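Enquirer: Got a structure for you, written out below as structure tokens; questions coming shortly.
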Amino acid sequence: MPASEETGSGPVIHDHRRIDPVTGQVRGKHAASKPAGTRGAGRPAAGPEAAGTQAGGPAEDQPEDQHDKQEERDAAATQESPEEASEMVTGQVIKDGKQAADVAAQLAERTADLQRLQAEYANYRKRVDRDRAAVREQAVVGTLIGLLPVLDAIDQARDHGELSGGFKSVADSLQAALGRLGLVTYGEKGDPFDPKIHEALTHSYSSDVTEDTCVEILQPGYKVGERILRPARVAVAEPATGPDGASNDPDWDAAEEGN
């Protein structure tokens, strides 16, 4: 076998690693085509052909150096000048300021919406509470009005001395329970007559009074709070003479004229 064939029959290994394991430097784009290890690795070092290959080693490094210089020029070209950096910072600040203003406007809008909803809910709660109280009062009033005839019968039995024993205990318990519901009895003999809370069933003149007076309570009045369930039914007496001493009773004046 010829010597040349023996010389080139060995395996050739190409190193495609980007980092040189010996120097630790980044290889150029042509470094991957070199054999592994030192230049001409994997090939016999003896012989004229091998010597020629080694002699051409420095020439193979030139593309790598040119590639590194090109990368340095590209990096220098991409570096920003101070003016450009300042403009970019100013633009970013303006952009951030606009975003902050937008966020503040949205926050103010959401806050106003929340306050409006809170006010509406407070008004709703007040309206519901007021309506609930009105419904409760109406229900209580309806029940109490239905029991007024029972209370009148109890008062009549008391006036006739028929309220005694177990019946008296039931009547007292009923009146106490109605009192807890807010029922108030009013109307006393001698009270000034008030057409808003009294109903006059009889009328007379009396020298014992100086103003329109309830001289007799025929039926007591009932109210819940300021609401009148039934006015007190009374007998009213008017003063017999006016402030000037003249008689207010037309029957008295007619009798005097007849005499």
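Enquirer: Between E188 and A119, what is the FRET efficiency for a Förster distance of 35 Å, r being their Cβ-Cβ separation, to the nearest 0.05?
Expert: With R0 = 35 Å, the Cβ-Cβ based efficiency is 0.15.
Enquirer: Once the piece of chain linking V22 and V135 is laid out straight, how much longer is it, given 0.36 nm per residue of separation minus the C-alpha distance between them?
Expert: Stretched out fully, the V22 to V135 stretch lengthens by 31.0 nm.
Enquirer: Which FRET efficiency, nearest 0.05, do I228 and A157 yield, Cβ-Cβ r, R0 30 Å? Kindly include the intermediate steps, with their values, before the conclusion.
Expert: Details: r = 25 Å, r/R0 = 0.83.
The computed FRET efficiency comes out at 0.75.
Enquirer: Keeping every protein chain present and rolling a 1.4 Å probe, give me the accessible area per residue for the range 88-168 in Å².
Expert: 78 Å²
Enquirer: Would you mind calculating the relative contact order of the range 185-232 from Cα pairs under 8 angstrom and at least 6 residues apart, reporting the percent as a whole number?
Expert: Working: 61 pairs, mean separation 23.8, N = 48.
In percent, rounded to a whole number, it is 50.
The values are calculated or read from the model by the stated rules, or taken from the named source; none is laboratory data. Every value quoted in this text rests on a predicted model; they were computed, and no experiment measured them. As a convention, Cβ positions derive from the backbone with ideal geometry for all residues, glycine included, and neighbour counts pool all protein chains shown. Protein only, heavy atoms only, side chains kept; ligands, DNA and RNA dropped before computing areas. Shrake-Rupley method; radii C 1.70, N 1.55, O 1.52, S 1.80 Å.
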